[in-house]
Amino acid sequence: MTLKNAITVLVLSTFCLIFFSCKINAIFQQCGYKIKEFFPAIINGKTRPMLKVSTYSLTFCVFLLIIVLFLSVNNTVFSSAVFILVCLHCGIYCITTSVIKNVKLTHRFLRIFITAILLNLCFCTATTLLFKTPKTHYFASLYLSIIPVFYPVLLSLAKIINLPYDFLRYKISVFRCEKIIAKNKNLIKIGITGSSGKTSVKNFLKKMLETKYSVLATPMSFNTPLGICKTVKGGIENFEVFIAEMGARYKNDIKTLCKIVKPNVGVITSILCQHTKTLGGIDGVKKAKNRLIEGLTGQKVAFFNNSSKENFDLYNKAECKKFLVGDGGFVKFKNAVQTKDGIDFELVVGEKTYRTFTPLLGFHNLENVCTATAVALYLQVDIGKILSVIPTLSPPKHRAEIIKTTSGVTVIDDGYNANIKGIISTATAVGKLDGEKFAVTSGIVELGEESENLNLKVGQVLGENFSLVIAMGINANSICDGVKSVGGKFIQLADMKSVKTYLSNKLKKGDVVAFFNDLPDAY
Amino acid sequence: MKNVLVFFGGVSCEHDVSVITGVMTLNAICKSEYNAVPVYVSRSGEWFTGDKLKDLSFYKEFKSDGLKKCVLLPMQDTLFLLKSNKLKPLFKVYSAINCMHGGYGEGGEFTAIFKNSKIPFVCPDLFSSALAMDKEFTKIALSSIGVNCLPYVKLHRDNYYLKRDYVLKVIRKKLDFPVVIKPAKLGSSIGISVAKDDRELEKGIDFAFKFDEKIVVEKGLENFREINCAVYKSGGYTNVSELEEVEKSEEILSFSDKYKIPVKKTFPAQIDGEIYSRIKAISGAIYRKLAFSGVIRIDFLLRENQIFVNEINSIPGSMAYYLFCKDFNEYSTMLSKLIEESVDNFKSSALSIKTFDGGILNLSSSKIRK
């Protein structure tokens, strides 16, 4: 094989990779670059991305072999045939594949991606050098067709190669972050964790505290060590309060986060069986969340939302200044009524009761409001100021967000709400509204063995509260069984696209559509 | 050529309406006398200039490419271009027309910028802009000059929710249903609602508090007519427009009624002689006594023989030109008058002494104690 051909194969395989990697890359990023989660996601994921890639590659391989074996062609014709085939191959794949959430071009991602491409170049050169036979065509074409299938392995290899560098970088940024936080000695540091409501409580609390302090909070759903480092990077000497949302996918996540932030105030919103697969059962979840209480420093105050038995256990166990919110606590709500505008309710603070209103959906949000109120009160924010904030609160994006469209349809976007409690709360809230009600859902993912039962329950709850349940994804069957068991109406559709066309013909003024878990590609 | 800046857009709920007023004004300014320069204030508050901004279709999908960022600086009547953090003087400014409605624009914020840059301005001065912006202060000022307003109760978000039931009792005692609930500092009809019972009152207050921390609850009239009248001053003469009547479909004009669906308007309004002249006289008096400048539009409510002032728009939509002018040519003449008037005003205010050297800083430091 001539040098020219070798270069052609090099270029073509790189080209192939760039096009075929789009979806796989997105999934890799969504899995947090964790190889352990990445492979199950691409093989068993909702849309079975690897299956598709393999089918394409196989077809391509067959075509190439036909050309090589049955048509006696010279090099030029072969090269151009390969070129056209690669273009077609990539083109058709790209057109037929939809990426729900595009890959974010972060430094880390680019580094891994470029390493993967360089690895490909190495392999490619090695292949051409090793097989210096007259039949190089076979190998070249085989390589070209196999490379998309081989890509996840390349990516994982690239990640492993990058590991030492990433680790060093991670350590350096964590070290810097710790130093920045430690420099501000009077900073009140609040850590918020829990299975649901973290982002809501953080946002509500931020708004309440801002009436008295200058507050820095981790933006959006940044809840990993690097997320916190990024937030703090710009300096925090002008802030009086720092609110850090802490996520726990793995056992030691919160411990690491506590080491960085050194929180004085800990807030545990609620404990549910979420991420049970990676944390090892509900006890594992409990233990993981309790790390926040163990990790408190300085004044050590903890707030627990008394919404489940697990949380109450943690409250009893805690050995610091502690407050219970909700039933039996000093801040709670009563007489709540859901309307299309929001919730009318009474906020009970100690002995006093204030009648108020908040434009939110679902009573789980009231628990979040109460938790935020309790912490704000503890930090000496005036109750008048807190009460003036409550009617102006809004949910975070895609968390039971009420959107009123111009066509008169109310859309409830609960797209990020991936837990049973949130779904029940939103569903029962929507159930009390007027008009035809539609629910679109793909169920709950990542629950280990309980998956089927929980999705059955999702189906039951939705079936009871909605006029029609539209189910999609891998959990669609369990959901539909659930709806059937309570005598509700349901329909199973393939993807968001078909849901959209289906709904656009059906909706009329006054109707309500609720979207539950429009999840990214990984699932 | 005299360069006249036209400011429009703005960080405001009425951004889009302001764009229409601004573009209309830009194209109406007499081209042989003045060079009309757009200054578009984006929703995030940045200033842009460029000829593209004179075309209304440009705003359907606004993109800042091809536009230049610009600023005004203290004590320099020059428009500066801002390019990669460097300033480049563009030209001397003759006068500035403020076409911004509501938000950070109508309440005197931009008047302050013009004054600080020593630029004549076509819009009310600080005091009167700020006053017209706030519905409570408007009422206080109007009653002090003997003009009728509807009775009202002012609420503040900080203490309303602390003693909600008590406040509601006060409102019920002071005003009868129906009542109108309005955010204090918002223009147009955003956040406004009418309440006929306790439940609606509570909902209306919650809704209005989303837009402003201060709201007014006003007695709602029944069987009333809504009359508008505009005023501007030029050459020492106060021009009071003919009256216009707004036909109402519901109790109040909601935002969509006012701007999307064309509201039926009768012009000139059919009002009998005595009331007609009283409204015109009140309009002129308000303009003079509260020291307005530029064009203002006063909205009256009329029930039988009672005249109430509903609100004062210190920068009315389309500069209320349709109340004065038959066509665009006349609007062009009106704008020329307004621009010259602004320059005259500026000259006469420049006569007063602005600084005074009392020599305090020349005293030796030992004589100044702390």
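Counting residues in the range A:226-238 that are modelled with pLDDT of 80 or more, in the same structural domain as A:ASN203 (by TED's automatic domain parsing) and of a type in the set (Ser, Thr, Tyr) gives one or more.
I'd like to know if the range B:142-150 contains one or more residues that are under 25 Å from B:THR49 (Cβ atoms) and not assigned by TED's automatic domain parsing to the domain that holds B:CYS30. No, every residue in the range B:142-150 fails to be under 25 Å from B:THR49 (Cβ atoms) and not assigned by TED's automatic domain parsing to the domain that holds B:CYS30. What do you reckon, is A:LYS171 of a type in the set (D, E, K, R) and modelled with pLDDT under 75? For A:LYS171, the condition - of a type in the set (D, E, K, R) and modelled with pLDDT under 75 - is not met. Take B:SER283 and tell me if it is in a helix (DSSP H, G or I) and touching a residue at least 24 places away in the same chain (Cβ under 8 Å). Spelling it out, B:SER283 is indeed in a helix (DSSP H, G or I) and touching a residue at least 24 places away in the same chain (Cβ under 8 Å). If the condition is being in a strand (DSSP E or B) and either crowded, with 19+ Cβ neighbours inside 10 Å or at pLDDT below 90 (or both), then the range B:1-27 contributes B:VAL4, B:LEU5, B:VAL6, B:PHE7, B:PHE8, B:GLY9.
Within the range B:208-229, does at least one residue satisfy the condition of being of a type outside the set (Asp, Glu) and without any contact (Cβ under 8 Å) to a residue 24 or more places away in the chain? Show your work before the answer.
Restricting attention to the range B:208-229, the residues satisfying the condition of being of a type outside the set (Asp, Glu) are B:208-211, B:214-217, B:219-221, B:223-225, B:227-229.
After this cut, where a residue has to be without any contact (Cβ under 8 Å) to a residue 24 or more places away in the chain as well, the list is B:210.
Looking through the range B:208-229, at least one residue is of a type outside the set (Asp, Glu) and without any contact (Cβ under 8 Å) to a residue 24 or more places away in the chain.
Remark: A:LYS212 matches the filter, which requires a residue to be closer than 23 Å to A:LYS300 by Cβ, surrounded by fewer than 23 Cβ atoms within 10 Å (Cβ to Cβ), basic (Lys, Arg) and modelled with pLDDT of 80 or more.
For the range B:140-171, the set of residues classified as small (Gly, Ala, Ser) and either within 14 Å of chain A (Cβ to nearest Cβ) or in a loop (DSSP other than H, G, I, E, B) (or both) consists of B:GLY146 only.
Taking the criterion of being surrounded by fewer than 19 Cβ atoms within 10 Å (Cβ to Cβ) and polar (S, T, N, Q), the only residue of the range B:167-199 that qualifies is B:SER189.
Every condition in (1) part of a strand (DSSP E or B); (2) more than 14 Å from every other protein chain (Cβ to nearest Cβ); (3) within 25 Å of B:PRO124 (Cα to Cα) holds for B:VAL194 except the one numbered (3).
Where in the range A:358-448 are the helices (runs of 4 or more DSSP H), entirely inside, with at least 1 residues that are in contact with an Asp or Glu (Cβ under 8 Å, 6 or more places away or on another chain) and not assigned by TED's automatic domain parsing to the domain that holds A:VAL337?
Values: elements: A:363-378, A:383-389, A:420-431.
Those helices (runs of 4 or more DSSP H) span A:420-431.
Meeting the requirement of 1 or more residues that are within 14 Å of chain B (Cβ to nearest Cβ) and free of Cβ contacts under 8 Å to residues at least 24 places away in the same chain, the strands (runs of 3 or more DSSP E) wholly within the range A:287-354 are A:331-338, A:343-349.
In the range B:197-241, counting only strands (runs of 3 or more DSSP E) that sit wholly within it, the ones holding 3 or more residues that are away from chain A (no Cβ under 14 Å) and closer than 18 Å to B:ARG157 by Cβ span B:214-219.
Here A:ASN25 passes the criteria (1) modelled with pLDDT of 75 or more; (2) part of a loop (DSSP other than H, G, I, E, B) except the one numbered (2). The set of residues from the range A:360-393 being surrounded by fewer than 22 Cβ atoms within 10 Å (Cβ to Cβ), within 13 Å of chain B (Cβ to nearest Cβ) and either in contact (Cβ under 8 Å) with a residue 60 or more places away in the chain or touching a strand residue (DSSP E or B) at 6+ places or on another chain (Cβ under 7 Å) (or both) comprises A:VAL381, A:ASP382, A:ILE383, A:LYS385, A:PRO391, A:THR392, A:LEU393.
Answer yes or no: is there a residue in the range B:126-139 that is assigned to a helix (DSSP H, G or I) and within 14 Å of chain A (Cβ to nearest Cβ). Spell out how you get there, then give the answer.
First pass over the range B:126-139, keeping only residues assigned to a helix (DSSP H, G or I): B:126-133, B:135-139.
Okay, now just the ones that are also within 14 Å of chain A (Cβ to nearest Cβ), so none.
No - not one qualifying residue is present in the range B:126-139.
Can you tell me which residue is farthest from A:ILE420 (Cα to Cα) among those in the range A:397-408 that are surrounded by 17 or more Cβ atoms within 10 Å (Cβ to Cβ) and away from every other protein chain (no Cβ under 14 Å)?
Of the residues in the range A:397-408, the ones surrounded by 17 or more Cβ atoms within 10 Å (Cβ to Cβ) are A:399-402.
Among the residues that remain, those that are also away from every other protein chain (no Cβ under 14 Å) are: A:399-401.
Details: A:ARG399: 14, A:ALA400: 14, A:GLU401: 17 Å.
Residue satisfying both the conditions and the ranking: A:GLU401.
When residues in the range B:143-190 are screened for being touching a Ser or Thr at 6+ places or on another chain (Cβ under 6 Å) and free of Cβ contacts under 8 Å to residues at least 24 places away in the same chain, 1 of them pass.
Conditions (1) in a loop (DSSP other than H, G, I, E, B); (2) modelled with pLDDT under 80, marked per residue:
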| position | (1), (2) |
| --- | --- |
| B:LYS258 | no, yes |
| B:ILE298 | no, no |
| B:LEU301 | no, no |
| B:SER318 | no, no |
| B:LEU338 | no, no |
| B:GLY358 | yes, yes |
| B:LYS370 | yes, yes |
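I'd like to know if the range A:238-256 contains one or more residues that are buried (at least 21 other Cβ atoms within 10 Å of the Cβ) and among the acidic types (Asp, Glu). Within the range A:238-256, one or more residues are buried (at least 21 other Cβ atoms within 10 Å of the Cβ) and among the acidic types (Asp, Glu).
The values are calculated or read from the model by the stated rules, or taken from the named source; none is laboratory data. Every value quoted in this text rests on a predicted model; they were computed, and no experiment measured them. Cβ atoms come from the backbone with ideal geometry, glycine included; neighbour counts cover every protein chain shown.
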